[in-house]
1. Confirm whether Ala49 is of a type outside the set (Lys, Arg), in contact with a helix residue (DSSP H, G or I) (Cβ under 9 Å, 6 or more places away or on another chain) and outside any loop (DSSP other than H, G, I, E, B).
2. Only one residue in Ile58, Ile43, Ile29 is outside any strand (DSSP E or B), in the same structural domain as Gly221 (by TED's automatic domain parsing) and under 18 Å from His97 (Cβ atoms), so which one is that?
3. Considering every residue within the stretch 122-133, establish whether at least one is of a type in the set (Val, Ile, Thr), over 25 Å from Glu36 (Cβ atoms) and part of a helix (DSSP H, G or I).
4. Would you mind finding the one in Ala21, Ala76, Ala84 that is within 17 Å of Ile276 (Cα to Cα) and aliphatic (A, V, I, L, M)?
5. Tell me the residue from Phe55, Phe47 that is surrounded by fewer than 22 Cβ atoms within 10 Å (Cβ to Cβ), under 30 Å from Arg468 (Cα atoms) and out of contact with any Pro (no Cβ under 8 Å at 6 or more places or on another chain), please.
6. It is to be established whether one or more residues within the stretch 345-361 are at pLDDT below 95 and in contact with a strand residue (DSSP E or B) (Cβ under 6 Å, 6 or more places away or on another chain).
7. From the list Leu35, Leu73, pick out the single residue that is modelled with pLDDT of 95 or more, in contact with a His (Cβ under 6 Å, 6 or more places away or on another chain) and of a type outside the set (Val, Ile, Thr).
8. Out of the residues in the stretch 450-462 that are in contact (Cβ under 8 Å) with a residue 60 or more places away in the chain and not in a loop (DSSP other than H, G, I, E, B), state the one that is farthest from Phe434 (Cα to Cα).
Amino acid sequence: MKDRLVIFDTTLRDGEQSPGASMTKEEKIRVARQLERMKVDVIEAGFAAASPGDFDAIHAIAEAIKDSTVCSLARANENDIGRAGEAIRPARSGRIHTFIATSPIHMEKKLRMTPDQVVEQAVKAIGWARNYTDNVEFSAEDAGRSELDFLCRIFEQVIKAGATTINVPDTVGYNLPGQFAETIKQLIARVPNSDKVVWSVHCHNDLGLAVANSLAAVLAGARQVECTINGLGERAGNASLEEIVMAVRTRADVFPVETGIDATQIVPASKLVSQITGYPVQPNKAVVGANAFAHESGIHQDGVLKHRETYEIMRAEDVGWAQNKLVLGKHSGRNAFKTRLAELGIELASDEALNAAFARFKELADKKHEIFDEDLQALVSDETVTPEDEHYKLVYSRVCSETGETPQAAVTLTLGGVEHKAGAFGGGPVDATFKAIETVAKSGSELLLYSVNAITTGTDAQGEVTVRLSHGGRIVNGNGADTDIVIASAKAYLNALNKLHSSGDKVKAQGDV
């Protein structure tokens, strides 16, 4: 029998710390349900002390999720841990994940604490956490640059205090696979009662080695890997869940572990997270990229046609690519629409929201013949925007663009329910539209990113637009989808403006593992 490798997904916490990737409570619940469908062992739902919005989202996920453990991150102080404990209280299985920095540079420059004080605080934190749950994880932030003797010391003490999972993070992505594996081996060998806990790793991708370091650690004895969908996360991101899972599965001859992941849910999870966060997946991304199973070379095509395994070590359908099929058409009824949404894990808040989504589906079905799952995901994303969050709303748009003439746009918007009209010239139809919107909004924001991706194939495909805006130190992503790219762009821009306007957006907490 192989050991179980625990898959700890932190897309909703560390992944959300990517600039502009903040999610609403409803979006977090959608992602959490997909993670549960994929049979992720532990879902780190957020940082409860970061903001009331984060607390509410974790609490809602703890109520909704039945099969996965729901976890909240907390710094090693009583207030953070109390908030985390209250947030996960409704969960069938809850975990508190507390951390404190252990590297010399972090202890001296950031914490301004002595090593003795750090150990003392860590032990106290475990005690506070155990007042809420017996499932307590401890992380030594920046363990990758910490002294081995000190790690042994602090891990011994927190195990005595009742920690059940010990996480060794390469917080800044500094380690190399052989070095990191040796660290894990030494810790397991030297720390008393190391066999009484699950050893975990959390690797960042600053040198492109997060997956390699994580897998090296598994071979050295780690039995939990902390990772994210699409490798999303701060700076260069985290270890990619899909790459970890499929490496262990594909190289079963090497790894003495197995996961409980339903791999057929990997691609749907990837597409959902990409659509919600506005972070597109690069075409050559392993496992979930559009070209991951494509073969352009004639030699490769010939080999695959003769025998698939000549150039493919995984089957596309095993990770969920086979699910990209026609699901509904313009003659489909409301019940079929509702049933398919349920199969995709999409639950709308009310009958009114369902009716609105169904009306939008019918409009879309009149524009394009084939409706795919990705179309439905994009379509219902608009229904998660509550009226109180929709300060800016597009009523009308007209664009004129012809050869030799300067493009011109005219828009009608509502701001807080009051209708405004504006027009503007621009370098192109999208530029003109954005300038017309800004004539009314006067947001003063800076456009950091504009990207367009086709949601499905065909010239009638919906275009999904991502707009990233910055204002006053805040960065938000806006998303919009439509068969008309200019209208999709306007929707995305207004979606971003609404997020900037909303007072309920998450305030990022300082600190990371």
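1. Values: of a type outside the set (Lys, Arg): yes; in contact with a helix residue (DSSP H, G or I) (Cβ under 9 Å, 6 or more places away or on another chain): yes; outside any loop (DSSP other than H, G, I, E, B): no.
No: the conditions fail for Ala49.
2. Answer to the check: Ile58.
3. Taking the stretch 122-133 and keeping what is of a type in the set (Val, Ile, Thr), we get 123, 126, 133.
Adding the requirement that they be over 25 Å from Glu36 (Cβ atoms) leaves 123, 126.
Still in the running and part of a helix (DSSP H, G or I): 123, 126.
Scanning the stretch 122-133, I find at least one residue that is of a type in the set (Val, Ile, Thr), over 25 Å from Glu36 (Cβ atoms) and part of a helix (DSSP H, G or I), so the answer is yes.
4. Ala21
5. Answer to the selection: Phe55.
6. no
7. Leu73
8. Only one residue fits best here, namely Asn453.
The values are calculated or read from the model by the stated rules, or taken from the named source; none is laboratory data. Computed from a predicted model, the values in this text were never measured in an experiment. Note that we place each Cβ from the backbone using ideal geometry, even for glycine, and neighbour counts take in every protein chain shown.
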